[in-house]
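Here the structure is laid out as structure tokens; the discussion comes afterwards.
Please treat every number below as a calculation from the coordinates, not as lab data. Just so you know, these numbers come straight off a predicted model, no measurement behind them. Note that we place each Cβ from the backbone using ideal geometry, even for glycine, and neighbour counts take in every protein chain shown.
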Amino acid sequence: MQKAQPVLILSLFAIMVCAFVNPVIAKDAPKKSIATSPLDDKKAALKKWEATPEGMKFKKWEVSPAGKKVYAAEAKIRKSIREYTNMEAVITSLSLPPGSRLGFGVMVKLNGEDYILSFGPEMKNEFEQLHKLKVHDKIMIKSRGVSHAPKYAYPIIAGDNIEKDGKLIFKRMPGKGGC
């Protein structure tokens, strides 16, 4: 029994040490690691993209006269986009610039600037009323978004609601299963 006593004490001591040491290590581990937020991850991804050839080309376009012109045109309608108010436009062309891959759309003049009014890929008879539009028709546009791309010399307005002569001729349906 006397030989077993030191073995029991040592094993009990080892168990007690493990029980007290492990929680301390577990509590300290998260404090030492650096947690990143999704915003930090997004900024890091943007910095990484800006270092690519495409990113550098985009940054050069932004400061070029063509890029500044597109940004200035966007600024003219920013308030209407943000507040989701009507914007009166005149159709200038029933086709988009050559090589565009925006789906169905038309060119419009709004506040003295030219814009691409894009509706996206055409499915079924979704744009039937829009195909009846003619050059010089006046329309009212409501949109929640305007974008740009170096490929296009004009800002791109996403057409959400389009009215002609006070009648709604197009309303974008919200996406299924989301916002």
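Listed values, structure above:
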quantity	calculated
Highest average packing first - 56-63, 159-166, Cβ atoms within 10 Å	159-166, 56-63
Distance in nm between pseudo-label sites at His136 and Lys59 (7 Å out along the Cβ direction from Cα)	4.8 nm
Long-range HN-HN contacts of Gly120 with modeled amide H, under 5 Å	Phe104
Fully extended contour minus Cα-Cα distance, from Lys76 to Glu126, at 0.36 nm per residue	15.1 nm
Per-residue HN-Hα couplings for segment 99-105 [Karplus 6.51, -1.76, 1.60; θ = phi - 60°; Hz; x = Gly/Pro]	x, 6, 10, 9, x, 7, x
Fully extended contour minus Cα-Cα distance, from Leu168 to Glu83, at 0.36 nm per residue	28.7 nm
Gained length - Asp41 relative to Lys68, 0.36 nm times residue gap less alpha-carbon distance	6.9 nm
Of Lys42/Lys167; Lys47/Lys151; Lys109/Lys167; Lys57/Lys142; Lys43/Lys109; Lys43/Lys151, pairs whose Cα-Cα distance is over 30 Å	Lys42/Lys167; Lys57/Lys142; Lys43/Lys109
Value of relative contact order over segment 46-171, rounded to a whole percent, pairs C-alpha under 8 Å and six or more apart	24 percent
